[in-house]
Every structure is written in structure tokens, then in C-alpha cells.
Amino acid sequence: MARTDPTRIVGRWREGFALDFHVVSSMYVGDDEFGHPRFDTKRSELGELLYRLKYQSDVSAIREIALAASEFVQGWNKNVEAIVPIPPTRAGRAHQPVLLVSKALGGALGLPVFEDALIKVRETPELKDVFDYNERLNLLDGAFSVEPSQVRGLRLLLLDDLYRSGATMNAAASALYDQGGAADVYALALTRTRRRG
């Protein structure tokens, strides 16, 4: 099973954690023949598994990711009643990592996965290159809608693959509370980025 090093993440949720950093180190090693920078990147075990799933479509990584996440959630012991995955930014991807891991995690924990409780109602650009938190919040304003009949009064585990600034998870948690009437939202990110400079 992949080792984890959980760190607390703060936001609109009751309590939240990221299981590990995504990248441990990244060193510039020069430019390629086209002038693009190249890096020697070392990822955490969980970061490497997530990278394989997300960018190499290696679905064999799901089991290990879900196993590490389920061990943490069982030890966290928050008595969540359902898992709500963050909707994908790129809908056309053949394998949606967060949904696949959510289903595997739900199976391991015996919890339902409400994949349609939180939906994206407005297209947003990928936020990986948007570093200003307020700009991220503006881009996410009104992006999510919640089906209250699925989440009202429940304790929910909100799951995402990568935590950068918290803007996406905050927007989603706010929608679950404000539109959905969730009793509690607990946030779990599989990995998180390191702070810049």
C-alpha cells in the first residue's frame, strides 16, 4: 500500500486533509531540442500513482490509491454517509480519475458515491495555470449546482485528486451547504501542490 503523509487543509468544510504532496522535488535539467524546459520530477508514492492514472490512463493504479485513502478515512472516523466527487474539468477524458477513485473508495468503505449530486453547470478553464486565488474563485463562481434531495442532512466526504489553493473544493463545499443543505462536509484531497516560492 502507498505510504501517505496527511496534512490538514482549511476551507469551508468541517475538517479536511490532503493525503500527501504530489511532487516531492522538481529540478530543471535543461531544455529539449525545441527549447522547452525539462525537469527531473520526483513524486510521492501517491503522486506517482495519481500521475499514472491521470496522464497515462493506468487504471491499475486505482486499487492502490483507494486502499491508501480508505485506510486514512477509516482512521479519521468521521462517520461520513456518502462520497461526493468533484466534477471533472475535462469532460472528454476517457478515464475520470476522481470518479474512478471515488467508486473504488466507496466500495472499500461500503459508502454510496453520489456522482450526480454535485454537477458543473458552467464551463470553467483548467485552473492549473491560474495562480491567483481570487481569480480562481471568480472563475468558479456559479460553476456548481447541487441536487438537494441527494445530500440534505447528510455528512459528506468531498473528494478531489489535487489540492492547490482550495478554490475548487471551497466552491463545491459552499454549494453542498448552501444549495444542498448538507449537514457536514469533510474534504479529502489525494495530493496537494507545494506552495510557490
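Every number in this text was worked out from the coordinates using simple rules, so none of it is lab data. Not measured: the values here are computed from a predicted model. Heads up, the Cβs are rebuilt from the backbone with ideal geometry, glycines too, and the neighbour counts pull from every protein chain shown.
Residues of the range 79-109 with the amide nitrogen closer than 12 Å to a label point 7 Å from the Cα of Met1, along Cα-to-Cβ, please.
Within reach of a label on Met1, which here means backbone N under 12 Å from a point 7 Å along Cα→Cβ, the range 79-109 contributes 109.
Jot down the per residue volume, in cubic angstrom and as a whole number, of the convex hull over the alpha-carbon atoms of the range 1-114.
Each residue corresponds to 143 Å³ of Cα convex hull volume.
Given the options Val59, Val101, Val84, state which has the largest fluctuation in a GNM of the chain using a 10 Å cut-off (strictly under) for Cα springs.
Top of the fluctuation ranking is Val59.
Run through every distinct alpha carbon pair of the chain and return the Kirkwood hydrodynamic radius in angstroms, one decimal place.
17.2 Å
Choose one answer from Phe39, Phe114, Phe72: the residue with the largest mean-square fluctuation in a GNM of the chain with alpha-carbon springs under 10 Å.
Result: Phe39 has the largest fluctuation of those listed.
If you take every residue apart from Tyr51 with its C-beta less than 12 Å away from the C-beta of Tyr51, what net charge results, scoring Lys and Arg +1 and Asp and Glu -1?
0
When the chain is modelled as a GNM with alpha-carbon springs shorter than 10 Å, which of Tyr51, Tyr28, Tyr163 fluctuates the most?
Maximum fluctuation in the GNM of the chain, among the listed residues, is at Tyr28.
Which cross-chain or sequence-distant (5 or more) residues have an amide H under 5 Å from the amide H of Asp161, H modelled 1.01 Å from N in plane?
The list, which skips near neighbours in sequence, is Leu190.
Based on the Cα atoms of the range 37-77, what semi-axes does the equivalent ellipsoid have, where each is the square root of 5 times one gyration tensor eigenvalue, given in whole Å with the largest first?
Three semi-axes, in Å: 24, 13, 6.
Treating the angle as unsigned and between 0 and 90°, give the value, to the nearest 10°, between the Cα long axis of helix 97-109 and the longest Cα principal axis of the chain.
With rounding to tens, the tilt is 50 degrees.
On a 0 to 90 degree scale, rounded to 10, what angle separates helix 61-76 from the longest Cα axis of the chain?
50 degrees
Express the relative contact order of the chain as a whole percentage, based on alpha carbon pairs under 8 Å and six or more residues apart in sequence.
26 percent
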